[in-house]
1. Test Thr270 against the criterion of being of a type in the set (S, T, N, Q) and touching a Gly at 6+ places or on another chain (Cβ under 7 Å), and give yes or no.
2. All but one of (1) under 29 Å from Gly165 (Cβ atoms); (2) out of contact with any strand residue (DSSP E or B) (no Cβ under 9 Å at 6 or more places or on another chain); (3) of a type in the set (Gly, Ala, Ser) hold for Ser357; state the number of the condition that does not hold.
3. Scan the stretch 221-247 for residues that are open to solvent by 20 Å² or more (accessible area, probe 1.4 Å), within 30 Å of Ala325 (Cα to Cα) and among the aromatic types (Phe, Trp, Tyr) and jot them down.
4. What about Asn360, is it among the polar types (S, T, N, Q), open to solvent by 20 Å² or more (accessible area, probe 1.4 Å), within 16 Å of the chain's Cα centre (by Cα) and at pLDDT 95 or above?
5. Considering each residue of the stretch 263-279, count those that are touching a residue at least 60 places away in the same chain (Cβ under 8 Å) and not in a strand (DSSP E or B), and give that number.
6. Being open to solvent by 40 Å² or more (accessible area, probe 1.4 Å), touching a residue at least 40 places away in the same chain (Cβ under 8 Å) and within 23 Å of Ala287 (Cα to Cα) is the filter here; which residues of the stretch 248-262 pass it?
7. Right, Leu234: touching a residue at least 40 places away in the same chain (Cβ under 8 Å), assigned to a helix (DSSP H, G or I), of a type outside the set (D, E, K, R) and in contact with a Phe, Trp or Tyr (Cβ under 8 Å, 6 or more places away or on another chain) or not?
8. From the list Tyr109, Tyr163, pick out the single residue that is open to solvent by 10 Å² or more (accessible area, probe 1.4 Å) and modelled with pLDDT of 95 or more.
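The values are calculated or read from the model by the stated rules, or taken from the named source; none is laboratory data. Everything quoted here is computed from the prediction, not taken from an experiment. Cβ coordinates were reconstructed from backbone atoms using ideal geometry, including for glycine residues, and neighbour counts include every protein chain displayed. With ligands, DNA and RNA removed, areas are computed over all heavy atoms of the protein, side chains included. Shrake-Rupley method; radii C 1.70, N 1.55, O 1.52, S 1.80 Å.
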Amino acid sequence: MAVSIEDIFGTQDIEAMTQLACDLVDIPSPTGDEGAIGDYVAGRFAELGLRVERQEVEPGRNNIVARLRGDRPGPTLLFLAHFDTSTNPDDDLPLGYQARSTVRDGWIYGLGISNMKCAFAGFWSALQMLHDGGVSLPGEIVVAGVVGEIEKGPVDLWQGRAYRGGGLGARFMVNHGVTADFCINGEPTALRLQTGNAGYLFVRLGVAGSPQATYSKHAAIDPLPKAFRLHAALQSWEADYQARHPHPLMKPLIGVGGIYGGYPYKPSITPAFCNLYLHVNLLPGQAIQGVVRELEALIADLRTEDPELEATVDVFLASNGHLLADDHPLATAVGRAHEQVFGSPVGRPNPERYPVSSDNSPLAEFGIPGITYGAGGINPETRRRCVAAPAG
């Protein structure tokens, strides 16, 4: 018996979906502490009749893989989302950054609701409608929740599970046999269709110094001003980097996210080192070693003006870029579905959105084509600017 989309939507339990989204926000899940939210998600999808598996990435950190097998052969569709939040919960943070949900004027506020706990609520609602509507499907639907997606990597003083992110869970998942014909990743694109992501490198630029006590600081090689000059040079280098690596969709970006050097507890000694921590985007197919050599060339140029400049380039986290063709069946199917539901063509992200990483990158390395499409990223301030934002 054929079932129309209108009939399926008629079975949607919006109240239950909203409560599930709030429950997810109320469970703190910073990187490294995703155990509780994984257990909750496993239970909710089990209630819909999905077969649930746990993958222990490390103690207390489980990927959750829930499977719904169809009644006849067909492709496997993977719905993918991550558990960890981009910041840690803190009671001193403002509304929307606490692990406490608030519903106000039809909007849900709370840490992680956009990135990306709302995706689990959306996936659950889709499966709930299929379940309650009695829809039979070919193939298999897999819902995967993974740990350690947030762009974090252990470096220097910052070690341990709280820093093991950067696609850790997704790589573990595909390395241990979870695969699919297609993947829809629910990352926050404001319901725009994103067919790829830039890759990225986390790089430590280590500027060396020669320490002296304050009374003999004239004999020191102070790395701090050298690091500051290097920082300024990197700001100019970004435009040159983009010119050398043009792309029709993606705009590779560069940012300096941290600086650490010297002895805060003993400022009577000039520093022996100063590290800059750099984020560099990679285009699909771009070689990591090529970026390293470009940075080394930049340092060499600065050394012609300052022969005492000594700096090392060390990559401590890397992720490749990927891109799916616009005419790929997955991209066209999602585009048609969006237009059918919202009555207008699906929008596309701006070039600066592509440098935001996703777990589609490690999946692409295993031949799993994926797109990113999620409701997160819409909020009361930006809703009017969003393409084809849903009413209500």
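1. In short, yes.
2. In the conditions (1) under 29 Å from Gly165 (Cβ atoms); (2) out of contact with any strand residue (DSSP E or B) (no Cβ under 9 Å at 6 or more places or on another chain); (3) of a type in the set (Gly, Ala, Ser), Ser357 misses (2) alone.
3. Answer for the stretch 221-247, where residues must be open to solvent by 20 Å² or more (accessible area, probe 1.4 Å), within 30 Å of Ala325 (Cα to Cα) and among the aromatic types (Phe, Trp, Tyr): there is none.
4. Answer is no for this residue.
5. Adding up the residues that qualify gives 3.
6. Leu249, Lys251, Leu253
7. no
8. Of the residues listed, the single one that is open to solvent by 10 Å² or more (accessible area, probe 1.4 Å) and modelled with pLDDT of 95 or more is Tyr163.
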